[in-house]
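Structure record follows, encoded as structure tokens.
The values are calculated or read from the model by the stated rules, or taken from the named source; none is laboratory data. What you see is a predicted model; the values in this text were computed from it and never measured. Cβ: placed from backbone, ideal geometry, glycine included. Neighbour counts: every protein chain shown.
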Amino acid sequence: MDLSLLSGSANIGLANSVARKLGLGLCDRLLTRFPDTELHVELRGNVRGKDVYLLQPTNPPVDEHLLELALLADACFRSGAARLTGVIPYLGYARQDRRTHGREPLSTRVIADLLGAARLQRVVAVNLHSPAIEGAFSLPLEHLSAVPILAEAVRSSVASKTVIVAPDLGAAKLADHYGELLHLPVAIIHKARLSGEEVVVRPVFGEVKGKSVLIVDDMISTGGTVETAIKALLDAECAPDFVVVATHGLFVGSAAERFRSLPVRRLLFADSVPAPTGFLVPFEVVSLAPLLAETIQCLHNDRPPGDLAG
Ligand code: R5P
């Protein structure tokens, strides 16, 4: 069975890099809008009888990219794709995996059901907000981790007096993974979220006094979490030396403004979503293309992918 790679419009740069690694061209498709802004999707390339990998993260505008993903998936199904895998390097709605108040939806579950209804047969995701999200999916999920490649990229910036900091309890397992790979201790901040933009912190657990800090997280959205973590760490008398690494660099809302005033020496993230433009703060992007290309190659050959998220 031939392999075919198709991409929505969310992250063409990454799709092209993955295609180059696989030695393939991207399957041609047309994305247009009707005058009332309704999306229209049409495959131009032939996917009949093929093992199709549809790459589309759900970076902003989240709902548009999600719908593009669903419609492209259905187009592949109806055009006779033999096997259909969604490669979703960043999956939005993953933070709404439980109901914190009454009268809310279980949004992660709804999105997982939507992807199944769109006829995806399997999903490849990278550093989901929580590994437990797999439970929301009735279709098989290959959950990859970008931590090994990000840890390698940041290795030159850490010393024996560096401590890895999880800026909230949810990032504790991720921080442990960095800690194992970089042989460094881990501290954890107890964060409480007041709103989409505002967070407050309670105590810092672990020894940070006098230490340089490597803050790790699955994603940076508005930068509120990183900003609050840095304030708490400075209050706890860490050294004013911060490196920040995250898998998904969304940088929305006040993120650019926040990072301009933060004492961050190095900022790294992966290319699960396109890098921010006009950000005015230096950053480094680590490509997921080798990991995704290798995973696609493994799945195509019915072999298990290597770096599953720990
Ligand atoms: C939340 O639990 C996540 O792991 C991130 O810490 C959070 O989503 C980052 O968002 P922001 O940058 O807006 O604080």
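Annotations for the structure displayed:
- Being in contact with a strand residue (DSSP E or B) (Cβ under 7 Å, 6 or more places away or on another chain) and not aliphatic (A, V, I, L, M) holds for only one residue in HIS177, HIS183, HIS143, and it is HIS143.
- Verdict on THR32 being free of Cβ contacts under 8 Å to residues at least 24 places away in the same chain and either under 26 Å from PRO276 (Cβ atoms) or buried (at least 21 other Cβ atoms within 10 Å of the Cβ) (or both): no
- When region 236-245 is filtered for residues that are touching a residue at least 24 places away in the same chain (Cβ under 8 Å), away from the ligand (no atom under 13 Å from the Cβ) and either surrounded by 23 or more Cβ atoms within 10 Å (Cβ to Cβ) or not aliphatic (A, V, I, L, M) (or both), the ones remaining, listed by number, are GLU237, CYS238, ASP241, PHE242.
- Scanning region 85-96 for any residue that is of a type in the set (Phe, Trp, Tyr) and either over 30 Å from GLY196 (Cα atoms) or touching a strand residue (DSSP E or B) at 6+ places or on another chain (Cβ under 7 Å) (or both) turns up at least one such residue.
- Residue in region 191-206 that is surrounded by fewer than 22 Cβ atoms within 10 Å (Cβ to Cβ) and under 20 Å from LEU91 (Cα atoms) present: yes
- Filter result (more than 15 Å from the ligand (Cβ to nearest atom), over 20 Å from PHE269 (Cβ atoms) and out of contact with any Gly (no Cβ under 9 Å at 6 or more places or on another chain)) within region 177-203: HIS183, PRO203
- Taking region 118-137 as the range and being modelled with pLDDT of 95 or more and not hydrophobic (A, V, I, L, M, F, W, C) as the test, the residues that pass are ARG119, GLN121, ARG122, ASN127.
- Residue list for region 224-235, restricted to those being touching a residue at least 60 places away in the same chain (Cβ under 8 Å) and either over 17 Å from ALA171 (Cα atoms) or more than 16 Å from the ligand (Cβ to nearest atom) (or both): none
- You will find that of SER212, SER221, the residue that is of a type in the set (Gly, Ala, Ser) and within 7 Å of the ligand (Cβ to nearest atom) is SER221 and no other.
- Cβ-Cβ under 6 Å pairs, at least 6 apart or on other chains, region 247-264 side in contact (Cβ under 8 Å) with a residue 24 or more places away in the chain, far side in a helix (DSSP H, G or I): ARG258/GLU227; LEU262/ILE230
- Subset of region 138-176 (residues that are part of a helix (DSSP H, G or I), surrounded by fewer than 21 Cβ atoms within 10 Å (Cβ to Cβ) and within 16 Å of the ligand (Cβ to nearest atom)): LEU169, GLY170, ALA172, LYS173, ASP176
- Going through (1) among the hydrophobic types (A, V, I, L, M, F, W, C); (2) within 17 Å of the chain's Cα centre (by Cα); (3) farther than 30 Å from CYS238 by Cα; (4) surrounded by fewer than 21 Cβ atoms within 10 Å (Cβ to Cβ) one by one, ILE111 falls short only on (4).
- Qualifying strands (runs of 3 or more DSSP E) (wholly inside region 184-298; at least 1 residues being closer than 24 Å to VAL124 by Cβ, in contact with an Asp or Glu (Cβ under 7 Å, 6 or more places away or on another chain) and of a type in the set (Gly, Ala, Ser)): 242-249
- Cβ-Cβ contacts under 8 Å between residues 6 or more apart (or on different chains), taken from a first residue in region 160-175 that is in contact (Cβ under 8 Å) with a residue 24 or more places away in the chain to a second residue that is away from the ligand (no atom under 11 Å from the Cβ) and of a type in the set (D, E, K, R), are listed as LYS161/LYS211; THR162/LYS211; VAL163/GLU207; VAL163/LYS211.
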